[in-house]
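K.L.:
This is the structure I have questions about; it appears just below.
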Amino acid sequence: MSDLKTILNGILDGRSVDPATIGTLLELEDPIELKTLFEYADRVRRLYLGDGIYLRGLVEFSNVCNKECFYCGLNRMNARLTRYRMSPEEIMYSAAKVAGDGIRTVVLQSGEEPGLDAAWLAGIVRSIKEQFDIAVTLSAGERPYEDYRLWKEAGADRYLLKIETSQKVLYERFHDGASFENRLRCLRDLRDLGYEVGSGSLVGLPGQDTVSIARDLLFFKDQNYDMVGIGPFIPHPQTPLAHEKSAEASMVLKATAVARILLKDVNLPATTALGSLGRDYRPDGLRAGANVLMPNYTPAPYRALYTLYPGKRCLEESVGSCAGCMELTAKSINRTISHSKGGRRDAKYAA
Ligand code: SAH
Ligand code: SF4
């Protein structure tokens, strides 16, 4: 592509932001052009956010789920999975480990369980906020406005709810009976309630093309989310998509780089799924625009049962070995670990 730098400059200053142009960037294959793209995204990341990597300690507190997302190993049709929900004491113990490791955000994630008592989770959020000076992110799927309000009032700071794909037709193909409009409604409610909102997408879903991925990135720009997690689709053997192909790591890296240039100061994780594609591509993600890592603090025996996709990294590690591993990862790419809470509004270098 002869005018690659011009296109990248155009995206940075908001001129060339049409799906076709972005789609052509996602189709780049030439190693020199890819190097240009990734280095450009890396410079934008440094300019807006500096070199510190934000950490979020992930506690997968329940794998009970009532949804039928075709890609996900926790979907309710997977009868072979042993289901669990951690006790409040176990969750508090994990949150204490996160805080004890100097990580200033805990993410409490679960399947979507209508039976989950909102007041129960609110109580846990309140206890964490009372005991530790850390941010709390929730990720428990689609819920009524009232539940989101209760959790916000209990002190929750952020909420993660990926749109997965911004294309309604594609969304409905992989979510039997689920409403795209309700997902959008949830994201709006969360924003209205004052949460920092994280969304994101799956790259490599069957039937998705580069223009579709480009539209996802433009959707994120339009919605101005605070965090955007772009992860590869990895087929799970006990799902309807068992025989589909895994996403290519390179497509996730290209989408991450374009997201950085388009969204500038947004928090972009190098997702755990990106670390689970044969080799660990998270350092590559961090060099292509990402600035967040999410070490896993779910204790045994639960961690091995939170099988969104197969081959998940760090299933055998014990809680506590993560912090050191993150330090090593940062060092290997000449970056540092930030011990700030790492909210979007905390960005030190906002340009
Ligand atoms: N139940 C909540 C949160 C847990 S699922 C929700 O759905 O929002 C967290 C994320 O796991 C999902 O947003 C999805 O993007 C990801 N995921 C699920 N199955 C996956 C798969 N097969 N490959 C890659 N990511 C997957
Ligand atoms: Fe449940 Fe979330 Fe998996 Fe969908 S992606 S099946 S809601 S855990």
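The values are calculated or read from the model by the stated rules, or taken from the named source; none is laboratory data. Computed from a prediction, not measured in an experiment: that's the story for all the values here. Virtual Cβ from ideal backbone geometry, glycine too; neighbours counted across all protein chains shown. The area values use the complete protein model at the heavy-atom level, side chains included, leaving out ligands, DNA and RNA. Shrake-Rupley method; radii C 1.70, N 1.55, O 1.52, S 1.80 Å.
K.L.:
So M92 passes all but one of these: (1) surrounded by fewer than 23 Cβ atoms within 10 Å (Cβ to Cβ); (2) of a type outside the set (V, I, T); (3) in a strand (DSSP E or B). Which condition number does it fail?
P.N.:
Exception for M92: condition (3).
K.L.:
Please find, within segment 239-260, the residue that is farthest from R279 (Cα to Cα) out of those that are within 16 Å of ligand 2 (Cβ to nearest atom), surrounded by fewer than 22 Cβ atoms within 10 Å (Cβ to Cβ) and among the aliphatic types (A, V, I, L, M).
P.N.:
This residue is L241.
K.L.:
Moving on. State all residues of segment 143-165 that are of a type outside the set (A, V, I, L, M, F, W, C) and either away from ligand 2 (no atom under 16 Å from the Cβ) or assigned to a helix (DSSP H, G or I) (or both); if no residue qualifies, say none.
P.N.:
Hits for segment 143-165 are Y145, E146, D147, Y148, R149, K152, E153, G155, D157, R158.
K.L.:
When you look at L293, is it open to solvent by less than 10 Å² (accessible area, probe 1.4 Å) and in contact with a Pro (Cβ under 8 Å, 6 or more places away or on another chain), yes or no?
P.N.:
So L293 fits the description; yes.
K.L.:
Could you list all residues from segment 192-225 that are away from ligand 1 (no atom under 15 Å from the Cβ), open to solvent by 10 Å² or more (accessible area, probe 1.4 Å), closer than 23 Å to G275 by Cα and within 16 Å of the chain's Cα centre (by Cα)?
P.N.:
none
K.L.:
Also, I was wondering about something else. Does segment 95-106 include one or more residues that are among the charged types (D, E, K, R), surrounded by fewer than 21 Cβ atoms within 10 Å (Cβ to Cβ) and either more than 14 Å from A154 (Cβ to Cβ) or within 16 Å of ligand 1 (Cβ to nearest atom) (or both)? Show your work before the answer.
P.N.:
Start the filter on segment 95-106 by keeping residues that are among the charged types (D, E, K, R), which leaves 97, 101, 104.
Next cut, surrounded by fewer than 21 Cβ atoms within 10 Å (Cβ to Cβ) only: 97, 101.
Cutting the leftovers down to either more than 14 Å from A154 (Cβ to Cβ) or within 16 Å of ligand 1 (Cβ to nearest atom) (or both) gives us 97, 101.
Yes, segment 95-106 contains at least one residue that is among the charged types (D, E, K, R), surrounded by fewer than 21 Cβ atoms within 10 Å (Cβ to Cβ) and either more than 14 Å from A154 (Cβ to Cβ) or within 16 Å of ligand 1 (Cβ to nearest atom) (or both).
K.L.:
Could I ask something else about it? Residues in segment 55-70 that are within 20 Å of A304 (Cβ to Cβ), in a strand (DSSP E or B) and either near ligand 2 (Cβ under 7 Å from one of its atoms) or open to solvent by 30 Å² or more (accessible area, probe 1.4 Å) (or both): how many?
P.N.:
Start the filter on segment 55-70 by keeping residues that are within 20 Å of A304 (Cβ to Cβ), which leaves 57-65.
Retained after the next criterion (residues that are in a strand (DSSP E or B)): 57-62.
With either near ligand 2 (Cβ under 7 Å from one of its atoms) or open to solvent by 30 Å² or more (accessible area, probe 1.4 Å) (or both) added as a condition, the list becomes none.
Summing the residues that are within 20 Å of A304 (Cβ to Cβ), in a strand (DSSP E or B) and either near ligand 2 (Cβ under 7 Å from one of its atoms) or open to solvent by 30 Å² or more (accessible area, probe 1.4 Å) (or both) in segment 55-70 gives 0.
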